[in-house]
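One structure is given below, encoded as C-alpha cells.
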Amino acid sequence: MNWYDQEKRLISNAKYKSTLMEDGKRFSAQSTIVVNPKKSMHNWTYTCEVWNEAQMHARHARARIEVKYPPSVSIVPLKPAVPKEGEKVGYQCMASANPPPYADKYQWYLDDRPAQGQFGFYFEVSNVTRKYQNRQLKCSVQNDLGKADGVTTIEVQCKCLLFLFLSNKA
C-alpha cells in the first residue's frame with residue numbers, strides 16, 4: 001500500500017497494519033496517514049494505491065481534505081485606482097475563508113465609523129471629493145471561525161486651484 005499526495009509525491013510516513021482474518025488464509029490490511037492541514041491544502045486529494053499478488057493491476061481510493069480556516073481579507077481598488085475629483089470610485093472586498101463568509105457579515109468603515117449605505121463586498125462613491133483624500137477604508141468579514149479586516153487608504157486626485165495675485169505697486 002502506498003499513499004500519494006495531490007502532486008503525486010509518495011507519502012513516506014504512512015502506517016500499515018495487517019491482520020489475519022478468521023479463515024486463517026486471508027489478511028485484512030489497513031493504512032493510515034496523518035496530515036497537518038494548512039490553508040493551502042484545502043480541497044487536496046490523497047490517493048491510496050493497493051495491490052496484491054492475486055490482482056493484475058493496482059486499485060486506488062481517493063480522499064479529499066477539507067481545511068476550515070477563518071477569513072483573510074484584502075481591499076482591491078477598481079478602476080480608476082486613484083480617481084479624480086468628481087469621478088466614481090469603487091473598491092472590492094476580497095475574502096478567502098472556509099466556510100465562506102456570511103454574505104450579510106461584510107461591513108465597511110470609513111475612519112473606523114460604519115460607512116452608511118454600503119453593504120456586501122463592494123464599496124462605491126459616485127462623486128468622490130477631496131474630503132475622501134487619505135481616509136482609511138476598512139472591510140470587515142466574518143465566518144464561523146473568526147473575523148478579519150482589510151484596510152486601504154483612499155487617494156483622490158484633487159483639482160488644482162491656482163490663484164495669481166498681481167500687484168501694481170511701483
So GLN118, is it at pLDDT below 95, outside the structural domain of TYR46 (by TED's automatic domain parsing) and either closer than 27 Å to LYS38 by Cα or in contact with a Leu (Cβ under 7 Å, 6 or more places away or on another chain) (or both): no
Breaking point among (1) free of Cβ contacts under 8 Å to residues at least 24 places away in the same chain; (2) among the basic types (Lys, Arg); (3) in contact with an Asp or Glu (Cβ under 9 Å, 6 or more places away or on another chain), for ARG64: (3)
One residue from ALA97, ALA81, ALA54 being closer than 13 Å to SER140 by Cβ and of a type in the set (Gly, Ala, Ser): ALA97
Subset of region 102-141 [under 17 Å from PRO71 (Cβ atoms) and among the acidic types (Asp, Glu)]: ASP104
Residue within region 82-91 that is at pLDDT 90 or above and closer than 30 Å to TRP3 by Cα present: no
Which numbered condition VAL35 fails, given (1) more than 21 Å from VAL141 (Cβ to Cβ); (2) assigned to a strand (DSSP E or B); (3) in contact with a helix residue (DSSP H, G or I) (Cβ under 9 Å, 6 or more places away or on another chain): (2)
Any hit, region 144-164, residues being aliphatic (A, V, I, L, M), part of a strand (DSSP E or B), out of contact with any His (no Cβ under 7 Å at 6 or more places or on another chain) and closer than 25 Å to VAL67 by Cβ: yes
Tally of residues being surrounded by 14 or more Cβ atoms within 10 Å (Cβ to Cβ) and within 15 Å of SER74 (Cβ to Cβ) across region 110-146: 8
Counted residues, region 73-123 - those being aromatic (Phe, Trp, Tyr), assigned to a loop (DSSP other than H, G, I, E, B) and touching a residue at least 24 places away in the same chain (Cβ under 8 Å): 3
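The values are calculated or read from the model by the stated rules, or taken from the named source; none is laboratory data. Since the model is a prediction, treat every value here as computed from it, not as a measurement. A quick note on method: Cβ atoms are made from the backbone with ideal geometry, for glycine too, and the neighbour counts reach across all protein chains shown.
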